[in-house]
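The next block holds one structure in the form of structure tokens; read it before the comments.
Throughout, read-outs are computed from the coordinates displayed, never taken from laboratory work. Fair warning: this is a prediction, and the values are worked out from it, not measured in the lab.
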Amino acid sequence: MQIPEGYLFTDEHEWARQEDDGTITIGISWHAQDLLGDIVYVELPEEGEAVDAGEEFGVVESVKAASDLYSPVSGKVVEVNHGLDDAPESVNEGPYKQGWMIRVEPSDVTELEELMDPEEYASFVSQE
């Protein structure tokens, strides 16, 4: 399992990456999409909505199951990947690239310190 550098992870398998403009891009890990199987629908919040760290912000549905999505950070949703409306399979094809879900303007960037780095996440996944 290839885990890219610069990404941080939750124990619910969401990732967060801080962008140059300070926003946080959020998606699910390769491991999560692999467990879910073929993703057929993604429900995401609207731009302008608030999200809270550790709280649900959406749902991803696959041919196997539906799974809640949990935000790694608190803040305001500033962008939603509307491409997933017509192509939810993008999450399977590239969960770290075109399969991103939302971008958040964080209210407390120090929340990122609570997340796992790639090495910690790889160890966490191997123990599941």
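General remarks:
- Two-decimal log10 I(q)/I(0) for region 1-59, as the Debye equation yields it once each C-alpha is a single scatterer, q = 0.12, 0.24 Å⁻¹: -0.33, -1.24
- Square roots of 5 times each gyration tensor eigenvalue, C-alpha, region 61-107, largest first, Å: 21, 13, 9
- Normalising the Debye intensity of region 25-121 to I(0), with uniform scatterers on Cα atoms only, and taking log10 at q = 0.16, 0.17, 0.20 Å⁻¹ returns -0.64, -0.72, -0.99.
- Value of [θ]222 nm, deg cm²/dmol, for the chain, DSSP H segments ≥ 4, -39500 (n - 2.57) each, nearest 500: -4000 deg cm²/dmol
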